[in-house]
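Here the structure is laid out as structure tokens; the discussion comes afterwards.
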Amino acid sequence: MSCERIALSPDPIDVATALADIYADDAGGVCVFLGTTRSETSPDGRPLAALQYEAYEALALKQFQNLVAEAESKFPIRKTILLHRIGRVDVGQPSVLIAVATPHRAESFEACRWLIDNLKTVASIWKKELWDDGQTSWVAGTVPSPGAPGEG
């Protein structure tokens with residue numbers, strides 16, 4: 001069984017602390033995925049100012065726990081950290097950090113990729129683009145249903 005740290009927070013992700021926390025004496029491979037808000041422009045040329053993440057927090061945290069448990073059944077994970085921002089995340093700032101420690105590097109790469117790929121498909125987290133002119137648009141595939149918990 002691994003040691004895990006899972007969180008959803010409006011606070012900036014503390015990458016240095018996460019890196020310090022992921023190391024395990026019996027892990028020879030540590031893989032970290034850091035997803036950041038990238039600079040881009042809309043099709044009509046407006047620059048992106050930020051992303052806004054909304055979540056059904058209780059469900060999303062349960063989904064994170066389930067993902068980590070499933071990853072632990074597939075890979076020899078010693079430690080896992082899964083952190084995700086909610087609220088506004090400006091360009092250049094991290095919105096998600098996934099780190100896994102395993103006995104060997106190949107396992108850590110596979111487990112980290114499996115976690116981020118599955119997180120993006122199952123987590124109750126929605127993402128809206130905030131353009132510099134004040135306009136907004138939901139990112140395809142992340143639009144909450146009307147009245148969904150966490151919508152706002």
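The values are calculated or read from the model by the stated rules, or taken from the named source; none is laboratory data. Here the structure is a predicted model, which means the values were calculated and not measured. Don't worry about glycine lacking a Cβ; one is built from the backbone with ideal geometry, like all the others, and counts go over all protein chains shown.
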For V91, state whether it is in contact with a strand residue (DSSP E or B) (Cβ under 8 Å, 6 or more places away or on another chain), farther than 18 Å from E4 by Cα and of a type outside the set (K, R).
yes
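Would you pick out the residues in the stretch 24-37 that are surrounded by 13 or more Cβ atoms within 10 Å (Cβ to Cβ) and within 19 Å of F109 (Cα to Cα)? Explain how you work it out, then say what you get.
If we filter the stretch 24-37 for residues that are surrounded by 13 or more Cβ atoms within 10 Å (Cβ to Cβ), which is where we start, we get 24, 27-37.
Selection gives A24, A27, G28, G29, V30, C31, V32, F33, L34, G35, T36.
With the structure loaded, tell me whether I6 is part of a loop (DSSP other than H, G, I, E, B) and of a type outside the set (G, A, S) or whether it fails that test. Reasoning before the result, please.
On the way: part of a loop (DSSP other than H, G, I, E, B): no; of a type outside the set (G, A, S): yes.
So I6 fails the test.
When only residues in the stretch 86-126 that are part of a helix (DSSP H, G or I) and in contact with a helix residue (DSSP H, G or I) (Cβ under 8 Å, 6 or more places away or on another chain) count, which is modelled with the lowest pLDDT?
Just the residues of the stretch 86-126 that are part of a helix (DSSP H, G or I), to begin with: 105-122.
Filter once more, so that each one left must be in contact with a helix residue (DSSP H, G or I) (Cβ under 8 Å, 6 or more places away or on another chain): 111, 114-115, 118-119, 122.
Details: A111: 98, W114: 98, L115: 98, N118: 96, L119: 96, V122: 93.
That would be V122.
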Can you spot a residue in the stretch 57-75 that is surrounded by fewer than 17 Cβ atoms within 10 Å (Cβ to Cβ), more than 17 Å from the chain's Cα centre (by Cα) and closer than 15 Å to L115 by Cα?
yes
Among the residues of the stretch 115-136, write down those that are surrounded by 16 or more Cβ atoms within 10 Å (Cβ to Cβ) and of a type in the set (D, E, K, R).
K127, K128, E129
Answer with yes or no whether A60 is within 19 Å of H84 (Cβ to Cβ), of a type in the set (G, A, S) and part of a helix (DSSP H, G or I).
yes
Residues that are assigned to a loop (DSSP other than H, G, I, E, B) and hydroxyl-bearing (S, T, Y): does the stretch 65-73 have at least one?
no
Does the stretch 140-151 contain any residue that is modelled with pLDDT under 95 and touching an Asp or Glu at 6+ places or on another chain (Cβ under 6 Å)?
yes
Only residues that are surrounded by fewer than 17 Cβ atoms within 10 Å (Cβ to Cβ), over 21 Å from K62 (Cβ atoms) and of a type outside the set (D, E, K, R): list them for the stretch 1-23, please.
P12, V15, A16, T17, L19, A20, Y23
Quick one: D44 ticks every box in (1) touching a strand residue (DSSP E or B) at 6+ places or on another chain (Cβ under 9 Å); (2) part of a loop (DSSP other than H, G, I, E, B) bar one, so which box is it?
(1)
Looking at (1) part of a helix (DSSP H, G or I); (2) surrounded by 19 or more Cβ atoms within 10 Å (Cβ to Cβ), which one does L83 not meet, given that it meets all the others?
(1)
For the stretch 94-142, how many residues meet the condition of being among the charged types (D, E, K, R) and on the phi > 0 side of the Ramachandran plot?
0
